[in-house]
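Structure first, commentary second.
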Amino acid sequence: MRKAIVIIALALAGSLSATAQTTDNMNRIEVCKQNYHTLFGGEALTGQGTDPEMMDILQKFIFGEVFQTGNLTLKQREMITCITLATMQTLPQLKAHAGAALNVGVTPEELREVMYLTAPFIGFPKMLNAVGAVNEVFKERGISLPLEKQGTVTEETRHETGKAIQDKLYPGGIASVMEGVPGNMGKDVEQFLTDYFFGEIYSRGALDLPTRELLGYCVLTTLEAESQLHSHYHGNINAGNSPETLTAAVIQCLPYIGFPAAIKALRIIKEEYAIK
């Protein structure tokens with residue numbers, strides 16, 4: 001079994017390398033410089049600073065190669081990058097990319113929702129750290145806080161709204177997983193998932209359902225949450241995201257999370273796509 005997994009991993013890694021080799025060096029450099037300037041307003045590949053060689057490798061790979069892989073918009077790529085960095089709690093890099101996200105048209109409300117979306121996956125404390133970092137960027141840009149409210153449910157409607165979203169994405173919920181939990185408290189967790197996760201978070205405005213589910217997959221990829229990656233593959237398909245979009249999103253995470261975590265998620269996509 002272990003040997004088979006290694007073979008799959010090597011095959012996926014090889015396919016990623018082959019994709020990179022289709023872009024010649026000059027084109028890679030030009031694309032890198034263009035994307036970097038669009039995102040950050042500065043110049044890439046300057047040869048300056050304390051680690052110019054590594055910055056050269058980093059910038060060419062991320063902005064010259066990964067940013068050309070798959071059919072994602074710059075807005076999607078920056079939202080994916082921001083939620084990945086928030087999940088990892090790499091807050092200095094999150095601040096830089098929050099600014100880049102705003103530069104390519106992500107609205108403050110959208111960016112805040114990207115941060116709020118992390119809460120059910122990584123918990124409130126880490127979500128608040130990420131929100132704090134992004135709020136610093138808002139203040140630097142002169143964006144008034146608090147932003148406009150995006151909640152759509154009440155105490156009376158949160159369960160019904162959450163159940164409708166959950167049933168669309170995950171028919172059957174997680175009843176089988178929670179069955180047999182001591183004290184019958186698995187039913188409480190089921191309701192938390194319906195009312196809080198889907199009812200209060202997934203129902204919010206600014207981001208549509210396909211975007212939320214795609215970004216959620218990036219969080220799970222970063223966390224290497226294997227079981228949930230399988231189920232959320234189907235949630236993404238049910239939300240209207242294609243397997244190709246899901247694959248491109250994972251590859252967009254790759255420079256920030258590394259090859260092992262990305263290859264795990266790509267292997268799961270490959271397995272689920274083969275079953276159809």
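Among residues other than residue 230 with Cβ under 15 Å from its Cβ, the summed charge is -1 (Lys and Arg +1, Asp and Glu -1).
Here the calculated FRET efficiency for residue 104 and residue 224, from their Cβ-Cβ distance with R0 = 22 Å, stands at 0.20, rounded to the nearest 0.05. For the chain, modelled as a GNM whose springs connect Cα atoms under 10 angstrom apart, the maximal fluctuation among 56, 167, 188 occurs at 188. Note on exposure: 55, 185, 115 ranked by accessible area (1.4 Å probe, complete protein assembly) read 185, 55, 115, with the most exposed listed first. Do any of 149/276; 139/168; 75/163; 95/187; 126/187; 149/264 go past 32 Å between their Cα atoms, and which? Beyond 32 Å: 149/276; 139/168; 95/187; 149/264. Rg and Dmax of the chain, based on Cα coordinates, read 19.6, 63 Å.
Carbon and sulfur atoms: what percent of the 1.4 Å accessible area of the chain do they account for? Within the chain, the accessible surface is 56 percent carbon and sulfur. Rolled with a 1.4 Å probe across the full set of protein chains, the surface gives residue 220 an accessible area near 10 Å². Between residue 176 and residue 145, the contour length at 0.36 nm per residue exceeds the Cα-Cα span by 6.9 nm. Helix 124-140 and the long axis of the chain differ in direction by around 50°, with both axes built from C-alpha atoms. Against the chain, whose longest principal axis is taken from its Cα atoms, helix 243-257 shows a tilt of about 70°.
If you take all other residues with their beta carbon under 15 Å from the beta carbon of residue 73, and give Lys and Arg +1 and Asp and Glu -1, the sum is -2.
Note on residue 57 and residue 187: the extension gain reaches 41.8 nm, defined as 0.36 nm multiplied by sequence separation minus the Cα-Cα distance.
Rolling a 1.4 Å probe over the protein chains gives residue 141 an accessible area of about 110 Å². If I fit a long axis through the Cα atoms of helix 259-275 and take the longest principal axis of the Cα atoms of the chain, what angle between them do I get, 0 to 90°, rounded to 10? Approximately 60 degrees, to the nearest 10. When all protein chains stay in place and ligands, DNA and RNA are ignored, the 1.4 Å accessible-area order of 276, 139, 264, 187, largest first, is 276, 139, 187, 264. The helix-only estimate of mean residue ellipticity at 222 nm for the chain, built from DSSP H runs of length n ≥ 4 each weighted as -39500 (n - 2.57), is -21000 deg cm²/dmol after division by the residue total.
The values are calculated or read from the model by the stated rules, or taken from the named source; none is laboratory data. None of the values given here were measured: they were computed from a predicted structure. Quick reminder, even Gly has a Cβ in these numbers, built from the backbone with ideal geometry, and neighbours come from all protein chains shown. Note: areas computed on protein heavy atoms with side chains; ligands, DNA, RNA excluded. Shrake-Rupley method; radii C 1.70, N 1.55, O 1.52, S 1.80 Å.
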